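Reviewing the structure listed below.
The values are calculated or read from the model by the stated rules, or taken from the named source; none is laboratory data. All values derive from a computational prediction rather than experimental measurement. Cβ coordinates were reconstructed from backbone atoms using ideal geometry, including for glycine residues, and neighbour counts include every protein chain displayed.
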Amino acid sequence: MPLVVQKFGGTSVADSQKILAAARKAVRAHQTGNQVVMVVSAMGKNTDTLISLAQEVNERPPAREMDMLLSTGEQVSVALMAMAIDSLGYKAVSLTGAQIGIKTDSSHTKARIHSISTDRIKTLLDEGNIVIAAGFQGIDDNLNITTLGRGGSDTTAVALAAVLGADQCEIYTDVDGVYTTDPRVLPEACLVRQVCYDEMLELASLGAGVLHSRSVEFGKKFNVPIHVRSSLSDVPGSIIVDDSETAALAVSGAALTKDEALISVFEVPDVPGTIYQIFAPVADKKITVDMIVQNVAENGNTTVSFTVPRNEVQDAIDAIHPSVEKMGGRIGLVDENVSKVSVVGLGMAKQTGVANRMFQTLADAAVNMEIITTSEIKISALVKREQALNALRTVHSEFALDKVESKEPTQLPARDISNQVNIAEVIERLQRDTGMESLMIDDISLDDSQSRITLSKVPNEPGIAAQLFDRIAAAGVFVDMIVQSYASSQIADITFTMPRDQFDNAITVANQVCEDFGCDKVDYKKTIAKLSVSGVGLRSHTGVAIGMFRALSDANINIETMNTSEVRVNVIVDGDSGQIGIECLREAFRHSLR
Ligand code: ADP
Ligand code: ASP
Ligand code: MG
């Protein structure tokens, strides 16, 4: 019998009428011959209310008690949902995370799922019940209640769909599907009917809150088609599958992470191991770091800056403080007034000039980019929070995302069952060994065909990156990585890489721009090595970047620059270190290779 997992978010179960409406959807699916598992979130803004309540009692409440408190929200919803289904004359049983056997690690408030036992759910389904699972929660080895992080019910739903081999996972929410950007922020955003896992993963982790990014990881890893749709109607929404409808577009979506914080660490030695020592304690606390940038060294010292979610800034500072002090550095700047604007698109990797379009349009709108990082499929710029909305609207319109015409509603493709046995085996192995959410690395590679150029002490004002990359593109140079780091409120360093056979063209342009804008100097390295690890969910797994930093530090290799995305982490090292570097990485990640 086909099996469907239906997840209802907070607004979709906000009151008794909505709970009854959701119950009717589940009953309808049941009547048409499906086994139905529902996953429900806490009602309305209940989780927020509980968080405020906790903060009234204690400004930094213990994480374990937070989980104890927050898990009650979902417990209320599952019970009411089961009662609603009973009132419609159908059999239903509600279960908490612990009752289902959703085992997690012990990182309270951001736990990762280790394993899920399916026996109880399957028996209940076979007995004709609709099973209602509490989203967002699990239990650790010591029977402590854990939660998966805000928005985590999506992850519960897709994880359950994966272990149960469900035909699809429907995410019922308060919008019609996935839009080119948050339609509540930009009403001109367009609905996209078919999005691929990689784009969605990137968008979700960069702020598109419509799906918890870890739910997309599960979808991609275990081949679960996800259907995001409105709980208020019956029209089909957007499906997340392997293929993208917008793959040909350079940019297919934009996202805003409004509450970021920038931390700069000054005067740390520019030697192997520095990056590792700064970030190891942050990774230990499972704080997701993004936009790591580093300045050109001066007198053997460098500045390292990075962003973290604003609500974790204090934890991050506490974490890095001892190692920064030990290295003789200082935490010099903390800017809590910044937001990250990003554009995402699979097509970006195949087109030149995408970055300079973004930079130019932001410069025209007088938006200064404090920091820039790019990856193969995304470009992020850190801007002042008061300019963030304007920046988002500007790039959204520049890439014509307000004019995307989506095709007629797509029928959800039947789940590809040809490799289902394979997937079941992978799930079983992961559950037994490292855990369902553990890392899965697809590839570790070395590209030693590139060169690096850095313009140092560029005036930190709108328009310079745009000018530089405009002229670089006009010279026919295909830029790979772009990193703009933060030196002070007045100056920045801009680093970029390109194929070595385009180096001569690029350096000519760089020298001209340096002169025109009165930069300090142009630094370059003709032979560099780019070491890459690709897989799923790499940025949210704080362990990947840190695993790379550790391995390279142990091999005494200095990291010159880096970039991260959910599907790939790249680091640039000296050309002579490429071969040793790749061997170290292969060794370090040998247990995570798929
Ligand atoms: P739920 O409670 O159903 O999980 P969420 O609030 O978590 O709902 O997610 C739905 C919200 O996600 C929408 O109301 C919308 O404001 C926001 N959102 C952010 N980015 C996007 C996007 N790209 N497409 C659609 N919705 C988005
Ligand atoms: N109730 C939790 C939250 O508000 C989980 C969820 O809704 O997905 O974050
Ligand atoms: Mg949500």
Considering only the range 30-89, how many residues are more than 11 Å from ligand 2 (Cβ to nearest atom) and either surrounded by fewer than 13 Cβ atoms within 10 Å (Cβ to Cβ) or not in a helix (DSSP H, G or I) (or both)?
-> 21
What single numbered condition from (1) farther than 30 Å from residue 577 by Cα; (2) touching a Lys or Arg at 6+ places or on another chain (Cβ under 8 Å) fails to hold for residue 452?
-> (1)
Tally of residues being within 23 Å of residue 342 (Cα to Cα) and either surrounded by fewer than 21 Cβ atoms within 10 Å (Cβ to Cβ) or without any contact (Cβ under 8 Å) to a residue 60 or more places away in the chain (or both) across the range 150-174 = 1
Set 83, 38: member being more than 16 Å from residue 151 (Cβ to Cβ) and within 16 Å of ligand 1 (Cβ to nearest atom) = 38
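Does residue 440 satisfy the condition of being in contact with a Leu (Cβ under 7 Å, 6 or more places away or on another chain) and crowded, with 17+ Cβ neighbours inside 10 Å?
Working: in contact with a Leu (Cβ under 7 Å, 6 or more places away or on another chain): no; crowded, with 17+ Cβ neighbours inside 10 Å: yes.
For residue 440, the condition - in contact with a Leu (Cβ under 7 Å, 6 or more places away or on another chain) and crowded, with 17+ Cβ neighbours inside 10 Å - is not met.
Has the range 443-450 got at least one residue that is hydroxyl-bearing (Ser, Thr, Tyr) and surrounded by fewer than 23 Cβ atoms within 10 Å (Cβ to Cβ)? Please lay out each step first, then the result.
Our first condition is that a residue be hydroxyl-bearing (Ser, Thr, Tyr); within the range 443-450, this holds for 445, 449.
Those left that are additionally surrounded by fewer than 23 Cβ atoms within 10 Å (Cβ to Cβ): 445, 449.
Yes; the residues of the range 443-450 include at least one that is hydroxyl-bearing (Ser, Thr, Tyr) and surrounded by fewer than 23 Cβ atoms within 10 Å (Cβ to Cβ).
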In the range 134-149, residue farthest from residue 96 (Cα to Cα) [restricted to those that are within 12 Å of ligand 2 (Cβ to nearest atom) and buried (at least 22 other Cβ atoms within 10 Å of the Cβ)] = 148
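Here is a check on your reading of the model: is residue 216 within 16 Å of ligand 2 (Cβ to nearest atom), buried (at least 20 other Cβ atoms within 10 Å of the Cβ) and touching a residue at least 24 places away in the same chain (Cβ under 8 Å)? Before you say what the answer is, go through the steps one by one.
Details: within 16 Å of ligand 2 (Cβ to nearest atom): yes; buried (at least 20 other Cβ atoms within 10 Å of the Cβ): yes; touching a residue at least 24 places away in the same chain (Cβ under 8 Å): yes.
For residue 216, the condition - within 16 Å of ligand 2 (Cβ to nearest atom), buried (at least 20 other Cβ atoms within 10 Å of the Cβ) and touching a residue at least 24 places away in the same chain (Cβ under 8 Å) - is met.
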Residue among 275, 240, 263 that alone is part of a strand (DSSP E or B), in contact (Cβ under 8 Å) with a residue 24 or more places away in the chain, within 24 Å of residue 380 (Cβ to Cβ) and in contact with a Ser or Thr (Cβ under 8 Å, 6 or more places away or on another chain) = 263
Could you tell me whether the range 380-403 includes any residue that is in a strand (DSSP E or B), of a type in the set (Gly, Ala, Ser), surrounded by 15 or more Cβ atoms within 10 Å (Cβ to Cβ) and at pLDDT 95 or above?
-> yes
For the range 423-480, enumerate the residues that are in contact with a strand residue (DSSP E or B) (Cβ under 8 Å, 6 or more places away or on another chain), of a type in the set (Asp, Glu), within 19 Å of residue 349 (Cα to Cα) and not in a strand (DSSP E or B).
-> 480
Do you know which of the residues in the range 1-26 that are among the hydroxyl-bearing types (Ser, Thr, Tyr) and within 19 Å of residue 169 (Cβ to Cβ) is surrounded by the most Cβ atoms within 10 Å (Cβ to Cβ)?
-> 12
Given the conditions (1) on the phi > 0 side of the Ramachandran plot; (2) assigned to a strand (DSSP E or B), every one holds for residue 328 apart from (2)
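Select, from 234, 270, the only residue that is more than 25 Å from the chain's Cα centre (by Cα) and buried (at least 19 other Cβ atoms within 10 Å of the Cβ).
Numbers: 234 fails: buried (at least 19 other Cβ atoms within 10 Å of the Cβ).
Among 234, 270, only 270 is more than 25 Å from the chain's Cα centre (by Cα) and buried (at least 19 other Cβ atoms within 10 Å of the Cβ).
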Give the residues of the range 521-571 that are assigned to a loop (DSSP other than H, G, I, E, B), among the aliphatic types (A, V, I, L, M) and within 13 Å of the chain's Cα centre (by Cα), sorted by residue number.
-> 536, 538, 567
So how many residues does the range 1-25 have that are within 30 Å of the chain's Cα centre (by Cα) and away from ligand 2 (no atom under 16 Å from the Cβ)?
-> 2
Only one of (1) within 26 Å of residue 21 (Cα to Cα); (2) crowded, with 23+ Cβ neighbours inside 10 Å; (3) touching a helix residue (DSSP H, G or I) at 6+ places or on another chain (Cβ under 6 Å) is not met by residue 201, so which one is it?
-> (1)
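Go over the candidates 298, 260, 325 one by one and state the one that is over 25 Å from the mean Cα position of the chain (by Cα) and modelled with pLDDT of 95 or more.
Sole residue among the options that is over 25 Å from the mean Cα position of the chain (by Cα) and modelled with pLDDT of 95 or more: 325.
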Any idea which of (1) at pLDDT 95 or above; (2) farther than 22 Å from residue 307 by Cβ; (3) more than 23 Å from the chain's Cα centre (by Cα) is the one residue 352 doesn't satisfy?
-> (1)
Working only within the range 1-35, note down all residues that are closer than 16 Å to residue 160 by Cβ, within 16 Å of ligand 1 (Cβ to nearest atom) and among the small types (Gly, Ala, Ser).
-> 9, 26
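Please go through the range 174-230 and pick out each residue that is hydroxyl-bearing (Ser, Thr, Tyr), under 16 Å from residue 404 (Cβ atoms) and away from ligand 3 (no atom under 15 Å from the Cβ).
180, 181 - these are the residues of the range 174-230 that are hydroxyl-bearing (Ser, Thr, Tyr), under 16 Å from residue 404 (Cβ atoms) and away from ligand 3 (no atom under 15 Å from the Cβ).
Take residue 99 and tell me if it is away from ligand 2 (no atom under 14 Å from the Cβ), under 26 Å from residue 143 (Cα atoms) and of a type outside the set (A, V, I, L, M). Don't jump to the end; show me each part of the working.
Working: away from ligand 2 (no atom under 14 Å from the Cβ): yes; under 26 Å from residue 143 (Cα atoms): yes; of a type outside the set (A, V, I, L, M): yes.
Yes, satisfied.
So which of 537, 543 is surrounded by 20 or more Cβ atoms within 10 Å (Cβ to Cβ) and in contact (Cβ under 8 Å) with a residue 40 or more places away in the chain?
On the way: 543 fails: surrounded by 20 or more Cβ atoms within 10 Å (Cβ to Cβ).
It is 537.
Being of a type in the set (Gly, Ala, Ser), assigned to a helix (DSSP H, G or I) and more than 16 Å from ligand 3 (Cβ to nearest atom) narrows it down to one of 254, 283, so name that one. Working first, answer last.
On the way: 254 fails: assigned to a helix (DSSP H, G or I).
It is 283.
Considering every residue within the range 169-187, establish whether at least one is part of a strand (DSSP E or B), more than 8 Å from ligand 1 (Cβ to nearest atom) and at pLDDT below 95.
No, the conditions are met nowhere in the range 169-187.
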Do the conditions hold for residue 493, that is, is it crowded, with 22+ Cβ neighbours inside 10 Å, out of contact with any Phe, Trp or Tyr (no Cβ under 8 Å at 6 or more places or on another chain) and either of a type in the set (D, E, K, R) or touching a residue at least 40 places away in the same chain (Cβ under 8 Å) (or both)?
-> yes
With respect to residue 162, determine if the residue is within 16 Å of ligand 2 (Cβ to nearest atom), in a helix (DSSP H, G or I), at pLDDT 95 or above and more than 24 Å from residue 396 (Cβ to Cβ).
-> no
